[in-house]
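Here is the structure we will look at.
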């Protein structure tokens, strides 16, 4: 009775058009008040615990802030220039460079919509000017943007880690090879299509220009090394690395690249000034600008946007944790697990069911909400069937990638529609041909667990575990 009431209330609230956070919270509170033996005090307790006792979740606001500074600070443009100089001379290279730029930006942002917005705003128009069909350009970016939640650091992986209490660092390790593989699959497909359609190639700019663009983009690329290097090396936890990333992104955007903040329009070197003198003046200006940047309108705007996004996501997580608490106290996951085991469903059959459920849910809900609802149910079943929790996490993340491209709630579709100023039907038809690659990749990830587990197991061996 309690189980039926909980899910009926949840779906009824969603059908009425309530935001997912309100739907989760309201259905949970009503169930506890009228249909459960649980204490009313558990409502306040679980809402408090959701944001105070889950240390991993503290990384989310920091990664969001880091992404906000990098998106606003022009890092995306420099990464795109470097990517174009790297592979732009190959046929279809501009589209391949867009995928490479998405992969690089994904490694510093952790967000799929942010990756589409930051990279797509620049490269879609650039591809059209270079002679690529607009639908082709939009489809490539919408799909490549999904790498934002697969290539670590990933906010969605942090949510899964918090929901199941697995290691966030191991999730980040497990996502690296699949992320690089998916980017490689997209780039190979682009090359094949480019050869068939005779899409243009950019002239090779030369090794000097390539090295220069790499040096300029180094400010953003170093963040990848700082975050992933510190986590994989065991120097810092994901939360600690996220805090460092937020500070570093602020310094790069405000002091390094000077795209926002008080030094935005200051010339680095005056006419006739020596390099040594300009360097000293530049260092002095940068130090003096640090206190001023605290009161800068652009910097404050970035902080405010990041705070709004963080509060929205943490509000969803808090309500979803309350929902998961009811599932646990009513032993719903255990009952489902026992039923599936009694059916004699093998692990491979269970994974088919998991993929179907998640693909359906991805049409209607935001990724974090899906993980927080489904992970507590699927996790104990997977463990009993001998499925590695990290492998299950990567399967769920890849499903969330596909959910970013399926209407009516595909976030990447809305972002792409906003960039291209096209209607949703046009964007869906642009993204649809590339969706088959993601589905193929999902099958590969599901039934070849070594792809996900190789790196975390290898690092464990290096550390002597």
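A count restricted to segment 359-377 and to residues that are part of a helix (DSSP H, G or I) and either under 17 Å from the mean Cα position of the chain (by Cα) or more than 19 Å from residue 113 (Cα to Cα) (or both) stands at 12.
Here's the yes/no breakdown for (1) at pLDDT 85 or above; (2) touching a helix residue (DSSP H, G or I) at 6+ places or on another chain (Cβ under 6 Å); (3) farther than 23 Å from residue 229 by Cα; (4) in a helix (DSSP H, G or I):
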{"site": "59", "(1), (2), (3), (4)": "no, yes, no, yes"}
{"site": "65", "(1), (2), (3), (4)": "yes, yes, no, yes"}
{"site": "108", "(1), (2), (3), (4)": "no, yes, no, yes"}
{"site": "126", "(1), (2), (3), (4)": "yes, no, yes, yes"}
{"site": "151", "(1), (2), (3), (4)": "yes, yes, no, no"}
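Residues that are more than 16 Å from residue 104 (Cα to Cα) and not in a helix (DSSP H, G or I) within segment 202-257 comprise 202, 203, 204, 205, 206, 233, 234, 235, 236, 237, 257, listed in sequence order.
Matching residues to (1) modelled with pLDDT of 85 or more; (2) closer than 24 Å to residue 3 by Cβ; (3) surrounded by fewer than 22 Cβ atoms within 10 Å (Cβ to Cβ); (4) out of contact with any helix residue (DSSP H, G or I) (no Cβ under 7 Å at 6 or more places or on another chain):
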| residue | (1), (2), (3), (4) |
| --- | --- |
| 358 | yes, yes, no, no |
| 373 | no, yes, yes, no |
| 400 | yes, no, no, no |
| 403 | yes, no, no, no |
| 415 | yes, no, no, no |
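Any chance segment 340-354 includes a residue that's outside any helix (DSSP H, G or I), at pLDDT below 80 and surrounded by 15 or more Cβ atoms within 10 Å (Cβ to Cβ)? Taking every residue of segment 340-354 in turn, at least one turns out to be outside any helix (DSSP H, G or I), at pLDDT below 80 and surrounded by 15 or more Cβ atoms within 10 Å (Cβ to Cβ).
Look at segment 35-63: where a residue is under 20 Å from residue 368 (Cα atoms) and a partner is buried (at least 18 other Cβ atoms within 10 Å of the Cβ) and modelled with pLDDT under 70, sitting 6+ places away or on another chain with Cβ atoms under 8 Å, you get 57/50. Count of segment 156-178 residues, restricted to those that are surrounded by fewer than 24 Cβ atoms within 10 Å (Cβ to Cβ) and either at positive phi or within 12 Å of the chain's Cα centre (by Cα) (or both), is 1.
The residue list 118, 144 contains one member that is surrounded by 17 or more Cβ atoms within 10 Å (Cβ to Cβ), more than 30 Å from residue 324 (Cα to Cα), touching a helix residue (DSSP H, G or I) at 6+ places or on another chain (Cβ under 8 Å) and modelled with pLDDT of 90 or more, which is 144.
The values are calculated or read from the model by the stated rules, or taken from the named source; none is laboratory data. As the structure is a computational prediction, the values presented were derived from the model and not from experiment. Using ideal geometry, Cβ is built from the backbone for each residue, glycine included, and neighbour counts are taken over all protein chains shown.
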